[in-house]
Amino acid sequence: MKHHSAKATILCAALLLAGPTASIAAGQRCLNEVERRVSLDNPDVRALTAEQFEDRLRQGEQVVVFDVREKKEFEVSRLPGAILVDPDIEPEEFIQRHGPAIAGKAVLLYCSVGVRSSTLASRIEGAARAAGAEGAYNLRGGVFSWHNTGRALVDAKGQTDKVDGYNRTWSRYIDFDNLVRLTRRWIW
């Protein structure tokens, strides 16, 4: 990501290396910098925070939620009601599969931190609107932010506290690291 702040990186590294006591909520504080960079790299993509998303639901707005991660990540946990979608799906195929379900509704996409979901939101925005959707939104901070702020996640058996950290590098942005499951082992 090209808009990386060296000062923020140093602060995040210090917070994350300081140990368990100092690192409580350090993942979310560092994730805030990632969220800012994702927004700068994708200026055409509208984002909703978890709070804004929940407010829309409370106001009765219709939202269809799509998980833009790999199947292994989705199986560890996901937002309730989320539909798994390939991050590389073409807009035409997305509309062919989901067009009737999104008509008249907002489309909310999320991944781990927002990179994959922002990319897909940008690609499908026009097609989603043409299919009658309100538009496509990225969940700011993705499932990591959702988890860090104590919101409910589910798996095939029901509610779970677990979240897929993707790999050791990305899992640094997750608070409550005792709940992290890694589906990938390499470090970038």
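Every number in this text was worked out from the coordinates using simple rules, so none of it is lab data. Values in this document were obtained by computation on a predicted structure and should not be read as measured data. Cβ placement follows ideal geometry from the backbone for every residue including glycine, while neighbour counts extend to all protein chains displayed.
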Problem set entry | Long-range HN-HN contacts of residue 84 with modeled amide H, under 5 Å | 67
Seminar exercise, completed: Per the stretch 62-124, sqrt(5λ) over the Cα gyration tensor eigenvalues, sorted largest first, in Å, gives 17, 13, 11
For this session: Would you mind checking which residues have amide H under 5 Å from residue 165's amide H? H placed 1.01 Å from N; only 5 or more apart, or other chain.
Result: 181, 182, 183
Seminar exercise, completed: One finds the C-alpha centres of the stretch 96-120 and the stretch 151-175 to be spaced, in Å, by 20
Exercise. What are the semi-axes of the equivalent ellipsoid for the stretch 50-188, taken as the square roots of 5 times the Cα gyration tensor eigenvalues, largest first, in whole Å?
Worked result: 25, 17, 12
Problem set entry | Qualifying trypsin sites (Lys or Arg not before Pro) in the stretch 131-160, DSSP loop, other Cβ atoms within 10 Å at most 12 | 157
Seminar exercise, completed: Label model pair residue 46, residue 105: point-to-point distance (7 angstrom along the Cα→beta-carbon line) in nm is 1.7
Problem set entry | Cross-link partners of residue 105 among aspartates and glutamates (Cα-Cα below 17 Å; sequence separation of 8 or more within a chain) | 54, 55, 61, 67, 125, 134
